[in-house]
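Okay, so here's the structure we're looking at.
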Amino acid sequence: MLLALVDANGAVIRRDDLLDQVWGETWIGSPRTLDVHIRWLREKLEEQPEQPALILTVRGVGYRMVSASEVT
């Protein structure tokens, strides 16, 4: 999941596309699994996981990781 976000180079990855990349198109399960794994990544990477600055939610679309050029 982290690799998929990094490879997107700051672009938004749709939730369905991220699920397919990580678990495969034939995976059957709750899409909420993705949210749980994103939360775990934020807990490991973010200084303040409750106010994410690296892995951002794009409401109604998916997630994106801040590109290196955006980090100050």
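Each label was represented as a point 7 Å from its Cα along the Cα-to-Cβ direction; for ARG32 and VAL58 these points are 2.5 nm apart. Taking the helices alone, the chain has a mean residue ellipticity at 222 nm of -11500 deg cm²/dmol, built from -39,500 (n - 2.57) per DSSP H run of at least 4 residues and averaged over all its residues.
Laboratory data are not the source of any read-out in this text; all were calculated from the coordinates shown. None of the values given here were measured: they were computed from a predicted structure. Quick reminder, even Gly has a Cβ in these numbers, built from the backbone with ideal geometry, and neighbours come from all protein chains shown.
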